Amino acid sequence: MSLNKEYLKPYDTIHAIAKAGDSFHGIVEITFALPTQSAPAGDLISVTGTEGWLSVNEVRKPGTNGTFIRTVIKSVVKVEGKPNEEKEEIIEEAQNGIVAEFTSFFDAIQGKDELHLGNPISALSDVAFVQAALNSNGKLVDLTALLQA
C-alpha cells in the first residue's frame, strides 16, 4: 500500500497477491493516483493457474477513440504422447463500464437486470477484497475463503 496523492489518504495504491483455491493466484494492482493520463505498460490484473495464465489490460488502439479492455489467455494444450502446446486467446472489448453500470441499474429498477451489476452482494465482495488487501499486511489473501465468508 502507498500514498502518492495527499488528498486520497490513507492509501491510493494497493499491490495485492491474491489466491482462489489451489489452482489460481496472481497479483492485483489498484491505483487511483497515476500522475499522468497514461498508465504504465504492466498488467492491471494477472492470474496464474496450473494450466496457464491470463492478463487484463486497458489499451488504446491507433485510429480509434476511447480505450479497450484486452484479456489475454494463455493455456496449455495436452495431447497424450505429444509435447504440450501453448494456446493463446485474445479478447478485446470497448471499455464501457459506466454505460454498463447505468444500464444494469435502470434494468434492475424495471426488474430485468440480466448482468446483475447492481447486485449489493457483488458490491460488498468488491469492498471485501479491497479491505482484505488493506489488512493483509503482505500475507496471501485466499479469494475463495474471502467470498464464502
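The values are calculated or read from the model by the stated rules, or taken from the named source; none is laboratory data. Quantities reported herein were computed from a predicted structural model and do not represent experimental measurements. When we count neighbours, we look across all protein chains shown, and the Cβ atoms used for this are built from the backbone with ideal geometry, even at glycine. Ligands, DNA and RNA are excluded from the accessible area calculation, which covers all protein heavy atoms including side chains. Shrake-Rupley method; radii C 1.70, N 1.55, O 1.52, S 1.80 Å.
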From the set of residues in region 95-115 that are open to solvent by less than 90 Å² (accessible area, probe 1.4 Å) and of a type in the set (D, E, K, R), which is modelled with the highest pLDDT? Asp107
Hey, can you tell me all the residues within region 12-29 that are in a loop (DSSP other than H, G, I, E, B) and modelled with pLDDT under 75? Gly21, Ser23
Could you say which residue among Gly81, Gly118 is touching a Phe, Trp or Tyr at 6+ places or on another chain (Cβ under 6 Å) and either surrounded by 12 or more Cβ atoms within 10 Å (Cβ to Cβ) or at pLDDT 85 or above (or both)? Gly118
